[in-house]
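Take a look at the structure set out below.
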Amino acid sequence: MTIRDAVRLTAPGLYTAAGTDPGALWEALVAGKDTGRPAEFLAGPWPETDTAFLVDDPDAATLGVHRRVLRTSEKQARMALYGARLALAGPGERGPVGGPGWGLYLGLPTVDEELLRFGALDRLHRAAGSPGEVAALFGREVPPFSGLSHLNSTAAAHISAAFGLTGSMAAYSPFSDAGLEALIDGALSVAEGENAAALVGAVSPKAHPLLFAQYEELGWNGAVPGEGAAFLLAERAADGAADGGPAARLAGYGRAFGATEDDRAEAIAQAVHAALEMARTDAGGIGWVLPDAVWSAAGARAQRAALDRVFGALAHRPAECTSERATGVLGPAHPLAHVLLALHGLAGGRRLADGGDGVREEALPAPRALVLACGVRGQVCAVVLEGVGK
Amino acid sequence: MSRRVVVTGLGAVCGLGLDWQTMWEGLTEGRSAIRRWQLPGVEDFPVRYAAPVDDEAFAERYGAGEGPAPMERRARFGLAAAGQALADAGIEEPGALGRIGTAVGSGVPERDPYELLHAVGEDGRPSWQTLYARRAQLDRASGLFCTNDALAAAIAARHRLRGPALNFSTACAGATHAIGHGFRMIRRGEVEAMLVGGADSVLNLPTMTGLHLLGAPSISELFGDRLCRAFDRDRSGLVAAEGAAMLVLESEESARRRGAAVYAEVAGFGSSLDAYQVTAPHPEGHGAALAMSRALADGEVAPGEVDSVNAHGTSTPLNDPIETRAIKDVFAADEHYRRLAVTANKTMLGHLIAAAGAPELIATVLSVRDGIVPPTLNLENPDPACDLDYVPDKARHQEVSVAVSNSFGFGGLNASLVVRGYEH
């Protein structure tokens with residue numbers, strides 16, 4: 001049985017600046033709602049950025065966990081845990097969650113935060129000439145559980161412990177391709193009989209001044225950062241739709257690599273063609289394209305060139321839309337947020353089209369959506385999603 | 001489509017040597033790379049033993065230009081190992097094979113401990129604005145800029161690989177996950193070959209401080225360079241190491257087509273989660289046992305067919321008895337665990353953290369090919385809770401038809417691989 005026939009994607013859990021479900025994000029995009037927040041902690045150090053799409057840091061009560069979890073987690077892990085909770089505690093009835101048939105596949109950014117607080121920097125400055133004193137300072141000032149909280153995969157440990165997931169797993173990092181890799185391999189784990197169900201999710205990096213230095217080095221185009229998490233469940237199609245929520249098939253996927261800008265455009269096009277072929281359709285069978293929110297200029301040009309190659313010959317190109325206006329750029333979580341938007345649209349036969357000055361809602365002309373992810377160094381993924389019908 | 005997957009190329013850079021041949025020679029002769037070590041200029045850091053790569057020898061062999069500078073230490077090791085593995089496989093133009101990708105496991109980026117000093121202004125007060133103004137002075141070879149997908153991308157770019165380029169972040173199981181998923185991609189026909197493995201270096205102040213504060217590395221001075229004592233009663237923690245190892249995995253058809261020599265066959269992969277605690281493995285080893293059982297089932301290998309287990313064997317108080325219990329659970333039928341040769345390579349290599357599974361898989365592959373099980377060193381006072389045959393002191397010559405290699409990461413992220421002798 002193919003992945004298309006064997007697996008159903010369902011149980012959306014979305015946490016972004018636009019709210020806590022795909023419907024809220026959909027409405028925010030259509031209404032042109034301003035979901036950004038002033039970000040004074042970014043405006044000073046990074047003058048181009050005075051707002052960001054931030055979310056509240058979930059507390060222990062919101063997460064349904066003991067407070068000690070907060071000591072061994074960073075905001076990123078807590079956003080992920082909340083996204084997982086939203087997915088697994090969604091509307092409707094689902095059987096017991098957890099156990100050896102339940103796997104976990106995650107797309108994770110690295111944790112890019114300072115180890116020493118600013119309050120310790122005067123001492124670091126004084127000790128800088130003496131490596132021994134610097135080491136002693138680190139020993140005193142670095143938080144005791146930083147070895148876990150700065151390890152991005154600790155998010156997987158927290159989620160598995162919270163929900164009792166002991167199935168097969170994997171975690172990828174650190175950019176947007178990681179989110180779709182998690183979806184592809186999570187769905188494959190179900191299709192190939194490794195898991196009965198796989199919780200698939202991804203989280204954005206925490207907005208932090210250090211992140212911008214990294215982004216600039218990698219060709220940042222000024223895109224506004226966002227925070228959030230996007231989760232869903234890949235389950236056996238034969239298990240049926242227990243909760244009556246939106247669902248879709250992963251009809252096809254492709255993944256590739258292109259080092260240079262030209263190579264990358266070709267790699268994206270190849271990944272899309274592979275996904276279309278596996279989905280047993282062609283460019284004309286796609287009703288909606290959700291491109292990646294690419295935050296490097298070279299990446300954006302490559303993605304545009306690839307989409308022109310794939311869809312350029314069509315008389316009516318499928319509408320395109322990203323969630324960037326309402327979520328900012330979400331890193332690994334971005335393509336999965338798009339997958340959740342696609343689930344929402346496919347279920348209602350609707351799509352979103354970004355006309356430049358705003359986003360409008362339209363009827364979906366074909367029951368398939370294409371979601372792209374373009375990692376900043378050239379890793380690319382494409383998936384074709386298909387409505388499951390009633 | 002389900003195809004057989006074979007190993008056709010090996011590459012390694014570690015404390016035992018700068019190629020897989022030297023590493024294997026060291027492992028089979030019972031040599032240890034663990035030595036007295038200190039962070040540069042730091043005489044009283046509590047952790048005093050490690051298994052570092054010989055910098056001078058590495059520079060002499062690979063030169064400063066091995067990686068497109070700037071690049072983290074771990075990525076330079078990884079690029080060197082990747083080049084070795086492709087050359088060892090006799091692959092000059094990877095694209096000629098068909099679709100080929102790469103998958104690597106990596107851990108925490110190597111951060112510059114001094115980077116925040118750039119935030120301290122002339123008035124002695126720190127601010128992000130000051131850091132912004134001086135951002136050009138930040139170290140481009142630090143983990144802040146060399147994000148942990150940099151190695152996979154550098155390998156793919158250098159060798160013009162057009163298939164998937166993945167980075168796995170599953171702590172100490174990262175490389176084993178990378179290898180397992182590469183294996184699966186070939187088996188299902190998604191790619192023709194994969195360059196897989198891991199690279200890591202934690203021998204820097206920020207990461208070693210984090211590990212020390214967790215109580216992970218041994219700080220004992222009782223045993224000198226015999227400090228890594230997996231399964232011994234006097235074990236007291238892991239001994240950190242650095243390095244990289246890469247393998248060329250290839251479909252059997254591809255290997256046969258080009259007449260490649262085959263080391264062994266990768267037969268199965270399994271993974272699991274403990275769902276227990278972030279700070280400790282499941283006390284009954286449920287997750288570890290699940291990973292091994294799944295790998296065996298994936299390879300359609302009965303537990304009774306297995307001759308050897310390359311254990312995670314960290315020399316930490318918790319891991320070793322728990323892994324022993326898990327092995328006994330998985331191989332309980334007919335008490336087959338009594339017939340297993342269990343080895344802990346970390347007693348010689350140290351713990352390469354996210355990369356650990358890669359050199360250990362190479363050792364497993366060569367065990368199967370050569371019929372040699374490397375020893376577990378320093379097992380002088382066996383822990384009563386660790387009562388398997390750990391091949392103490394000296395390598396053992398014995399037939400190894402099937403072997404399992406284990407990697408268990410912080411937080412209960414587990415992965416196992418099954419290797420089988422190749423017979424066409």
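Of note:
- When region A:221-326 is reduced to its Cα atoms, the Kirkwood hydrodynamic radius in Å: 15.9
- Estimated FRET transfer efficiency when R0 is 22 angstrom, pair A:A238-A:D282 (beta carbons, to 0.05): 0.15
- Residue by residue along B:171-181, Cβ atoms of other protein chains within 10 Å of the local Cβ number 3 on average.
- Loop GluC sites (Glu not before Pro), region B:200-286 (other Cβ atoms within 10 Å of the site Cβ: 16 or fewer; DSSP): B:E221, B:E284
- Overall dimensions of region A:248-387, expressed as equivalent-ellipsoid semi-axes from the Cα gyration tensor (√(5λ), whole Å, largest first), are 21, 17, 14.
- GNM top mover of B:A193, B:A344, B:A260 - chain B, alpha-carbon springs below 10 Å: B:A260
- Three-way shape call for region A:1-158 based on the alpha-carbon gyration tensor, with the a/c threshold at 1.5: oblate
- When the Gaussian network model of chain B links Cα atoms closer than 10 Å, the mean-square fluctuations of B:A133, B:A81, B:A154 top out at B:A133.
- One chain, two ends: A:R71 and A:A128. Fully extended at 0.36 nm per residue, the span grows by 17.6 nm beyond their Cα-Cα distance.
- Using R0 = 35 Å, the C-beta based FRET efficiency linking A:F41 and B:L318 works out to 0.35.
- Additional length obtainable on full extension of the chain from B:A261 to B:T22, 0.36 nm per residue less Cα span: 84.1 nm
- Among beta bridges from DSSP that stay inside chain B, the antiparallel ones total about 70%.
- Interchain or long-range residues, amide H under 5 Å from A:A39's placed H: A:T51, A:A52
- Placing a pseudo-label 7 Å from each Cα along the Cα-to-Cβ vector at A:K33 and A:T2 gives an inter-label distance of 3.8 nm.
- When Rg and Dmax are taken over the Cα atoms of region A:261-309, they come to 11.1, 32 Å.
- For region A:248-387, averaging the sequence separation of C-alpha pairs within contact (under 8 Å, six or more residues apart) and dividing by the residue count gives a relative contact order of 38 percent.
- Hydrodynamic estimate: the Kirkwood radius of region B:1-57 over Cα pairs, inserted into Stokes-Einstein at 4 °C and 1.567 mPa s, corresponds to D of 94 µm²/s.
- A Gaussian network model of chain A, with springs between Cα atoms under 10 Å, assigns the largest mean-square fluctuation among A:L343, A:L290, A:L211 to A:L211.
- For region B:310-317, 3J(HN,Hα) per residue [Karplus equation, 6.51 cos²θ - 1.76 cosθ + 1.60, θ = phi - 60°, Hz, x = Gly/Pro]: 8, 6, 4, x, 8, 6, 8, x
- On the beta carbon distance between B:A133 and A:D59, with R0 = 30 Å, the FRET formula returns roughly 0.25.
- Computed 3J(HN,Hα) for region A:367-373, one whole-Hz value per residue from the Karplus formula 6.51 cos²θ - 1.76 cosθ + 1.60 where θ = phi - 60°, is x, 9, 10, 10, 10, 10, 9, glycine and proline marked x.
- Helical content alone sets the calculated 222 nm signal of chain A at -11000 deg cm²/dmol, taking -39,500 (n - 2.57) per DSSP H segment of four or more residues and averaging over every residue.
- Under 5 Å, built H, 5+ apart or other chain: amide partners of A:R350: A:L364
- By the count of other C-beta atoms within 10 Å, a proxy for reagent exposure, B:R325, A:R37 are ordered fewest to most as A:R37, B:R325.
- Debye equation applied to the C-alpha atoms of chain A, log10 I(q)/I(0) at 0.10 Å⁻¹: -0.61
- Calculated [222 nm] ellipticity per residue, helices only, for chain B: -8500 deg cm²/dmol; basis is -39500 (n - 2.57) per DSSP H run with n ≥ 4, divided by all residues, nearest 500.
- Amide H contacts of A:W288: A:R368, A:L370, each under 5 Å away and 5 or more positions distant or on a separate chain (H built 1.01 Å from N in the peptide plane; Pro and chain starts excluded).
- Descending semi-axes in Å of the protein assembly as shown, equivalent ellipsoid built from Cα gyration tensor: 39, 31, 25
- Theoretical gain in end-to-end length, B:E284 to B:E221 [0.36 nm per residue, Cα-Cα removed]: 19.6 nm
Computed from the coordinates by the stated procedures, all read-outs in this text should not be read as laboratory data. Being a predicted model, the structure only gives us computed values, none of them experimental. Cβ coordinates were reconstructed from backbone atoms using ideal geometry, including for glycine residues, and neighbour counts include every protein chain displayed.
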